[in-house]
Amino acid sequence: MPSETVAIPKPKERRPQRRLLPAALLGLFAIAAVIAVGLKGGSPSPSWGELAGLISGEGDALVRTIVAEIRLPRVVLGLMVGAMLAVSGTLMQGAMNNRLAGPELLGLSAGASLAAAAILVLRLPVPYHLQPLCVLAGGLAGGAVVIMAARIARGAAGMLLIGMSVTAMLNGLLIVLIAMGTSNDVNLFYAYLLGSLANRGWEQVLRVLPWFAAMLPVAFVLAKRVNLLQLGDDSASGLGINAGLSRIVILLASAMLLASTVAECGPIGYVSLLAPHLARAVILSQDARLVLPVSALIGAVLLALADQLGRLLFAPLELPVGVWTTLVGGTVFLLILSRKNGGAFHGGK
Amino acid sequence: MAENKAIPGIGERSARHSRRFWIVTGVLLAMLTALVLLHLAFGRTPLSLEEIMAALSGNGQDGHRHIVWNLRLPRALVAMTAGGLLGLAGAILQVVMRNPLMEPGLIGVSAGAVLAVILTMPFSSAAIPINGRMPIVALGGALLSIGMLYMFNGRTGGSGPRLALIGVVAASVLQAANSLLMLRQQEGLASILLWSFGSLNGRVWAHWNMIWPWALALVPCALLMARRAAVLQLGDETAVGLGLPLFRTRLLLLLLAAALTAVSVSAVGAIGFAGLIGPHIAAKLVGRHPVYLFPASVLLAGTLLIAADWIAGSATLSFSLPGMEHRVTSLPAGAVTTLLGAPFFLYLLRLTKKLI
């Protein structure tokens, strides 16, 4: 995990701040476009005039219900969850000084899924509104195991493999639960396990909202620390911060962001892994204070867009967005893996 | 090839090792027989040794004969064979890739085979089909994923944990594709899901008929290749220097590994980690020379899977899990091997530096 050699980041010729504004504007524009597509696409497909009319309270009641109660919350949830996933990934990659780190590879998603399965299949007496909290606790527990195991890891890939084997163990328990469940339970649970934004309403948005509102500012506050940790543990300690403690705080924030999304939407893979990569490529900087907002925007657009594609491309069939992102994101990740030879930001091999 | 000298990296091959190998083989065969008998004896209806013998020789009660002949014996045989094939595939992969972390399930070969089988499944069928075509279909998928892995690896020449990581991600992509296909098979979802994790529930003579010809053909082939694999283990330059056609040997061995995995997957599903634990314990017992390692891996992984199935079965019977009291099926053996194998993998990861 700690890089062997420490290099001072090379000053970039172009100042990244100058790229921030266009990137942000583009991101906001893309968000607006995704919202427009999300509200209009599907059946029934209202015209632009009708959509505008809906805002001022005119139009068909049915269409209004569909747009306001089904499509709008879904797009909003997609944007929020995407941003949270991306921020979570950025924090995690920074804290571990490992560009290949992603929550899906670190046991968090598996822990959360296992908790959800236990509630569903064993019919644990958990009140409905407390279930997301239990799922959250499962995700945090899975992440904690990996973080503790990571102390023995050598190098970026080793750490991910530890995460993988913890995930495999949790999946083993999951399959035990599936074997115990009735066929009906399994079908229900399977839909959750794939990660999807379908059938989510304002209720889910409201449940994610507190985490979104509370944790994103925290993430931005932590960005400075992330920058220091990216230099490697030795330089971070030299600069006067407690590297171990900072890392745990940052990872905790990252885990909370992620687990709250898993509780509502199921595990959605690879957005949190790829969004920071894209953000770094766009603004040509590794400064977490700049990468964080840009990757949040990119993550939001990516997830909401992927969801709309999954919803509209094969209509009336629908692809769960989690499958979609894993297929595309995993392939991209493989390409990154085979191209680059190291995982660390500075130094490494 | 120096036969009696210790060659660093591939393990010794001496009279002492040979003796040791035969002792280990004997012990393993005895264990295997004992486990098969245990497997036949325990279950919902416990049978005594005399009752089993009577049933096997065609005497005894009709009920007992049915249980032993039609339910428990094929299951034990399938478990033994499928486990052995997986262990051999794992040993070959570890030797060819020179990477102790390789395992057919881990790096997505099994997932590729599962993908191919699900792709060709009849629409909305609720059960996994059993026919002679299955291993061939599965082989296609396994070859595809092994080729993908080799391609990704070849470009960077990555080794050790890195290659394993590429395999793991490839496996996750293939699994996503599997889930996508499973969406249209809602009816048989539970059974396919269990199968994609590996289970021995309900394995009958049809499964045995499907895999034994393959096992009979593939295992001797692999054992014949063991000497060449040993040369391959010395490193590319040495192997070329010794006159080994490098590319062809590697291709042949990978092909064998894919075929072994595919056959095992088509019978019992994607059992995880059996191909990892088997060869490693075998290496501890008989050394890393493929001539000894390959057969020992077959026996060990076979023993392991039959033991895992037995553990899964007895766990289901002895602990009445909530909601499961009246179920007749037992836990999938794949869950047991994964729960045992993943910590073992962690342990291996700690040792990686020493092993590479």
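Which listed residue (A:N97, A:G59, A:W48) has the Cα farthest towards the positive end of the charge dipole for segment A:30-127, taking +1 on Lys and Arg C-beta and -1 on Asp and Glu C-beta about the Cα centre?
After comparing all options, I get A:N97.
Could you list B:C221, A:C265, A:C134 so that the one with the fewest beta carbons within 10 Å of its beta carbon is first and the one with the most is last?
B:C221, A:C134, A:C265
Along the Cα→Cβ direction, 7 angstrom out, place labels at B:Q61 and A:A68. What is the inter-label distance in nm?
Taking the two extended label points, one gets 7.1 nm.
Kindly rank A:217-225, A:247-255, A:269-277 from highest to lowest mean number of other beta carbons found within 10 Å of each residue.
Top of the packing list down: A:269-277, A:247-255, A:217-225.
Mind checking the mean number of beta-carbon atoms from other chains within 10 Å of the Cβ atoms in B:100-106?
The per-residue average across the peptide is 1.
Report Rg(Cα)/(2.2 N^0.38 Å) for the protein assembly as shown, keeping two decimals.
1.01
So if I take the centroid of the Cα atoms in segment B:35-61 and the same for segment B:204-268, what is the distance between those two points in Å?
Comparing the Cα centres of segment B:35-61 and segment B:204-268, I get a distance of 35 Å.
Anything in chain B that counts as a DSSP H helix reaching 27 Å or more along its axis (C-alpha) with Kyte-Doolittle mean of at least 0.5? List them, would you?
Counting only whole DSSP H runs, the qualifying helices are B:15-41, B:73-96, B:134-156, B:161-182, B:205-224, B:246-268, B:290-318, B:333-355.
What number comes out for the charge environment of A:A219, summing +1 per Lys or Arg and -1 per Asp or Glu over other residues with Cβ under 12 Å away?
So the surrounding residues net to +3.
In whole angstrom, how far apart do the alpha carbon centroids of segment B:79-121 and segment A:76-111 sit?
For segment B:79-121 versus segment A:76-111, the Cα centre distance is 30 Å.
At B:V240 and A:L28, where each label point lies 7 Å from the Cα along Cα→Cβ, what is the point-to-point distance in nanometres?
6.0
Would you mind putting A:301-314, B:97-110, B:267-280 in packing order, based on average other-beta-carbon counts within 10 Å, highest first?
Packing proxy ranking, top to bottom: B:267-280, B:97-110, A:301-314.
Which residue, A:N187, A:N171, A:N98, has the most motion in a Gaussian network model of chain A that connects Cα atoms within less than 10 Å?
A:N187
Mind giving me the nanometre distance, one decimal, between the label points for B:T25 and A:L130, set 7 Å out from Cα along Cα→Cβ?
That separation, rounded to one decimal, is 6.1 nm.
Which whole number gives the average, over all residues in A:187-194, of C-beta atoms from other chains lying within 10 Å of the residue C-beta?
Per-residue shielding by partner chains comes out at 3.
Among B:47-57, A:67-77, what's the highest-first ranking by average C-beta atoms within 10 angstrom per residue?
Final packing ranking: A:67-77, B:47-57.
If the elastic network links every pair of Cα atoms under 10 Å, which of A:P210, A:P125, A:P267 fluctuates the most in the Gaussian network model of chain A?
Result for chain A, Cα springs under 10 Å: A:P125 fluctuates most.
Hey, got the average number of other protein chain Cβ atoms within 10 angstrom for residues in A:321-332?
Averaged over the peptide's residues, the number is 4.
Can you work out the Karplus-derived ³J(HN,Hα) for every residue in segment A:259-267? Use 6.51 cos²θ - 1.76 cosθ + 1.60 with θ = phi - 60°, whole Hz, and x for glycine or proline.
Karplus-based 3J(HN,Hα) across segment A:259-267 equals 5, 5, 6, 4, 4, 8, 10, x, x Hz.
Quick note: the coordinates plus some simple rules give every number you see, no bench work behind them. The model shown is predicted, which means the values in this text are computed figures rather than measured ones. Note that each Cβ is placed from the backbone with ideal geometry, even for glycine, and that neighbours are counted across all protein chains shown.
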